[in-house]
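So the structure is just underneath, and the comments pick up after that.
Every read-out reported here was derived from the displayed coordinates using simple, explicitly stated rules and does not represent laboratory data. Computed from a predicted structure; not experimentally measured. Note: ideal-geometry Cβ built from the backbone for every residue, glycine included; neighbour counts use all protein chains shown.
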Amino acid sequence: MQTQGLNLFIVDDNKSMVTALKLYLQSKFGISLQISTFNDGESCLEKVNQDTHIVILDHIMEGKNGVEVLKSIKAINPKTEVIMLSSNEDMAVAIESFRAGAIDYVVKGPSSWKKITKLVGHVITAPVRLIVAEFGVSKFMAMFLLTFITMGIAVFLALHFMK
């Protein structure tokens with residue numbers, strides 16, 4: 001039985017940046033992320049669905065700009081976490097992005113990939129933080145519980161479908 005990671009989309013019209021960021025995130029997170037790349041917002045929107053967990057989205061692109069795409073993503077799946085990644089340092093654009101539902105606005109630069117890695121890691125570890133907050137257990141106990149529950153479900157499904 002193969003486990004599937006979170007679905008992450010990278011949307012930017014700079015193809016070399018998209019490829020490099022994808023390789024960087026794969027090196028950091030491995031199989032915990034299923035990464036798809038898009039060079040425009042329209043092609044991304046064709047694939048966004050209820051299983052889209054994270055989108056890293058450029059602001060300035062051909063066709064729809066990032067904020068328009070962000071609003072469309074949120075209309076399709078309000079739970080999708082969107083990180084705006086742009087060379088635009090205009091504070092008004094950042095505020096507009098937050099109002100449209102972005103979890104952060106990262107300006108492209110030397111430390112931007114580290115910040116994106118931290119944000120993606122934060123989304124990935126959300127279930128552990130939720131269990132820690134709700135049940136008051138340590139993060140190690142929360143990880144054990146999640147692993148135990150996941151394995152239990154996997155065994156149950158395997159036994160159920162092996163009949």
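Values computed for the structure shown
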read-out: Cα shape, the stretch 61-159, gyration tensor, a/c 1.5 rule; value: prolate
read-out: Sparsely packed GluC sites (Glu not before Pro) within the stretch 53-100, loop by DSSP, other Cβ within 10 Å at most 13; value: Glu62, Glu89
read-out: Three-way shape call for the stretch 109-163 based on the alpha-carbon gyration tensor, with the a/c threshold at 1.5; value: oblate
read-out: Positive-pole candidate from His122, Leu57, Tyr105, dipole of the chain, charges at beta carbon; value: His122
read-out: Theoretical gain in end-to-end length, Asn49 to Ile31 [0.36 nm per residue, Cα-Cα removed]; value: 4.5 nm
read-out: Contour minus Cα-Cα distance for Asp90 and Val155 (0.36 nm per residue); value: 18.3 nm
read-out: Residue (of Ser86, Leu23, Phe161) at the positive-pole extreme of the chain, dipole from beta-carbon charges; value: Phe161
read-out: Linear extension gain, Ile60 paired with Leu23, 0.36 nm per residue minus alpha-carbon span; value: 11.1 nm
read-out: Computed [θ] at 222 nm, deg cm²/dmol, the chain (DSSP H ≥ 4; -39,500 (n - 2.57); rounded to nearest 500); value: -17000 deg cm²/dmol
read-out: Euclidean distance between Cα centres, the stretch 82-147 to the stretch 4-31, Å; value: 15
read-out: Whether the stretch 6-124 is rounded, prolate or oblate, judged on the alpha carbon gyration tensor where a/c under 1.5 counts as rounded; value: rounded
read-out: Test item: Cα-centred dipole of the stretch 1-66, Lys/Arg +1 and Asp/Glu -1 on Cβ, debye; value: 300
read-out: Of all DSSP beta bridges in the chain, antiparallel share, percent nearest 5; value: 0
